[in-house]
Amino acid sequence: MKPISKQSGIALITALFIFALVTIAAVAMADRQNLDIRRTENMLHYDQAYMFVLGMEKFAATVLVEGDPDKEVDHLEEEFLKTPVAQEVEGGTISGFIRDATARFPINNLVNANGEKQDAYVAAFQRFVDFMTSGNRCGEQGGFNPDLANVVLDWIDKDEQVAVGGAEDMEYLNKERPYRAANQSMASISELRALNNVIAEEYNCFVGDGQNPPLVNTINDHEVAINVNTAPAEVLQSIHPKIDDKIAQVLLEGRGEEGYKDTESFLKKIREELAFDLNDPTQKQESVQFEEDMKKLKLSVGSQYFEVTATAQIGRMEVTMISLLKRDGNKVTTVQRSLGVY
């Protein structure tokens, strides 16, 4: 038998080598094509999910102006505030709910439109902090930093004067990753994470979760009022130092199914519970002080600002958008949008 020549062996090895290279290239091209297909699919699904959450925002705006446009009372028993929306769509699901943004404490109101301190709101927010600190209401660590009100005040006021327990630029510039105090209104609740000595437990207590809504808002409108028909007990207790757990519960029950018809009805309920003895000089002075204090805080029984949380899941992609809507009569405008959770 004729032996195989060296040339034939080299040719065979070369052919095998070329075949291996072609196979590797083909597999790589197939993998790359599959990756491109999946990437394109994800992009299409993301865009589709984003359009769905925008549609949910539009739907919420429509719901907010249904019925009487001159209605002045908003309460928790209204259908749009108590009923979330969930629906299956082709390729996934969409869901969403509406919350009253003015049920929360307006921390930007610690200053006025000129960035100057508003003592009544600072005192109210301090009561809110004290309330959350008492009784381990924010977890096992004992609640909020007792100086939190002044920390927030220094973050949003326009000056560089440090309040007691507060922090201005020098405190933040000395951090490992330095930055400055905003010295302007907060744009998002997430800014709280940047504040001095605000720990994750405090932050989580502020922003709530799927079951418990946030306790504060960062609406950039210094005329925004607290809706006493939707505010939780924690916020109601911040209104006056003598509103304790018991009185707060009475105020919640006093709403009934349709809420207080006006702020005077709400204040009357507080007066009944405080029961000032006007024949006693000290209590008479407390009564006068109460009336003056109430004039400095903006309270309402209706709402202008609503928060819409919408989630769409299409294929492997999920998009969550939080929108702040402002209702003015029969007109609704989008003030702010953010993607993801707080």
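The values are calculated or read from the model by the stated rules, or taken from the named source; none is laboratory data. Computed from a predicted structure; not experimentally measured. Cβ atoms come from the backbone with ideal geometry, glycine included; neighbour counts cover every protein chain shown.
So the values come out like this:
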| item | result |
| --- | --- |
| Failed item in (1) outside any loop (DSSP other than H, G, I, E, B); (2) surrounded by 14 or more Cβ atoms within 10 Å (Cβ to Cβ); (3) in contact with a Ser or Thr (Cβ under 9 Å, 6 or more places away or on another chain); (4) among the small types (G, A, S), with A86 passing the rest | (2) |
| Total residues in region 48-83, condition touching a residue at least 60 places away in the same chain (Cβ under 8 Å) and either part of a loop (DSSP other than H, G, I, E, B) or in contact with a Cys (Cβ under 6 Å, 6 or more places away or on another chain) (or both) | 10 |
| When residues of region 141-181 are limited to those that are among the basic types (K, R) and free of Cβ contacts under 8 Å to residues at least 24 places away in the same chain, the one surrounded by the fewest Cβ atoms within 10 Å (Cβ to Cβ) | R177 |
| Breaking point among (1) without any contact (Cβ under 8 Å) to a residue 24 or more places away in the chain; (2) under 30 Å from E116 (Cβ atoms), for D245 | (2) |
| Qualifying residue in region 312-322 (condition: outside any loop (DSSP other than H, G, I, E, B), exposed (fewer than 14 other Cβ atoms within 10 Å of the Cβ) and not hydroxyl-bearing (S, T, Y)) | no |
| Set Q237, Q184: member being in contact (Cβ under 8 Å) with a residue 60 or more places away in the chain, more than 30 Å from E79 (Cβ to Cβ) and surrounded by 13 or more Cβ atoms within 10 Å (Cβ to Cβ) | Q184 |
| One residue from Q304, Q285, Q313 being of a type in the set (S, T, N, Q) and more than 24 Å from the chain's Cα centre (by Cα) | Q285 |
| Matching entry among N183, N212, N279, N197 (being over 30 Å from G340 (Cβ atoms) and at pLDDT below 95) | N279 |
